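**Student:** Sharing a structure below in structure tokens format, with a few things to ask.
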Amino acid sequence: MVVTQDRPLAQVFRQVGAGSFPPVVEVFERGKTIFFPGDPAERVYFLLKGAVKLSRVYEAGEEITVALLRENSVFGVLSLLTGNRSDRFYHAVAFTPVELLSAPIEQVEQALKENPDLSMLMLRGLSSRILQTEMMIETLAHRDMGSRLVSFLLILCRDFGLPSPDGITVDLKLSHQAIAEAIGSTRVTVTRLLGDLRDKNMISIHKKKITVHNPVILSQQFT
């Protein structure tokens, strides 16, 4: 398998295994678990469609969101980074309906050894993941749920936003419950806070897609 920098990572990932054991396509409905903490780390995943939430589960039962992965993200690679076979560290859940490619970790490891360019492509993706994790930690550090919600909306604009006539539209259909789970709140609170932002003409919502009219003004007023 020859890897060049101008080839999409999805195309490269599809060729892991050189045709002998090609990656398989997996589909998950919203809210379905892809893997639990403690599961054997046997496969690496590439996100084709949708969004995946990674969270850390603590002994007290508290679950903290650490990243919201977008299309073209690779995850489930911790064992590749440490060089040791280990169990899953995070809880991976379909934040929206998702479509994934998955491949055995041994095949991905071999492909990385044979193709330095593939390693660089994956490193770039992981760098973006680290940045988003830092932003999520900052978001959850806010005690005030209003500030927490606004920070999360700004992350969504950055990673899932598309320019529209009214501002930046988050290209995800999000229920209030899904947002509440991501920021550690309740559906009732999120509904009220989104209503407040809509009344102030900061956002609009159409068919579960949120448009932030001006992210700069939103960040200056609420952070």
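**Student:** When we measure straight from the Cα of K208, which aspartates and glutamates land under 14 angstrom away, once same-chain ones fewer than 8 places off are left out?
**Tutor:** Of all the aspartates and glutamates, those that pass the test against K208 - Cα under 14 Å, at least 8 places apart if same chain - are D171.
**Student:** Loop-only check: which trypsin sites (Lys or Arg not before Pro) in the stretch 143-223 are DSSP coil with at most 16 other Cβ within 10 angstrom?
**Tutor:** Taking the stretch 143-223 and a limit of 16 other Cβ atoms within 10 Å, the loop trypsin sites (Lys or Arg not before Pro) found are R143, K173, K200, K207, K208.
**Student:** Compute, for the stretch 132-223, the length of the dipole vector about the Cα centre, with Cβ point charges of +1 (Lys, Arg) and -1 (Asp, Glu) only. Units Debye, rounded to 20.
**Tutor:** About 320 debye.
**Student:** What's the extension gain from D39 to E109 if we count 0.36 nm per residue and subtract their Cα-Cα distance?
**Tutor:** Net length gain for the segment: 23.3 nm.
**Student:** Compare the Cα positions of L174, S164, L149 along the charge dipole of the stretch 142-221 (+1 at Cβ of Lys, Arg; -1 at Cβ of Asp, Glu; about the Cα centre) and return the one farthest towards the positive end.
**Tutor:** L174
**Student:** I'd like the carbon and sulfur percentage of the solvent accessible area for the stretch 105-146, probe radius 1.4 Å, heavy atoms only, ligands and nucleic acids excluded.
**Tutor:** C and S fraction of accessible area: 57 percent.
**Student:** Name the residues whose placed amide hydrogens come within less than 5 Å of the amide hydrogen of V44, ignoring near sequence neighbours (fewer than 5 apart) on the same chain.
**Tutor:** A103, I105
**Student:** Do the alpha carbons of any pairs in K53/K173; K53/K113; K32/K207; K53/K200; K49/K113 sit beyond 19 Å of each other, and which pairs?
**Tutor:** Beyond 19 Å between Cα atoms: K53/K113; K32/K207; K53/K200; K49/K113.
**Student:** Averaged per residue, what accessible surface does the stretch 142-221 expose to a 1.4 Å probe, in Å²? Walk me through the intermediate numbers first.
**Tutor:** Details: 4140 Å² over 80 residues.
That works out to 52 Å² per residue.
The values are calculated or read from the model by the stated rules, or taken from the named source; none is laboratory data. The model shown is predicted, which means the values in this text are computed figures rather than measured ones. Here the Cβ is made from the backbone with ideal geometry for all residues, glycine too, and neighbour counts use every protein chain on show. Remember, those area values only see protein heavy atoms, side chains included, never the ligands or the DNA or RNA. Shrake-Rupley method; radii C 1.70, N 1.55, O 1.52, S 1.80 Å.
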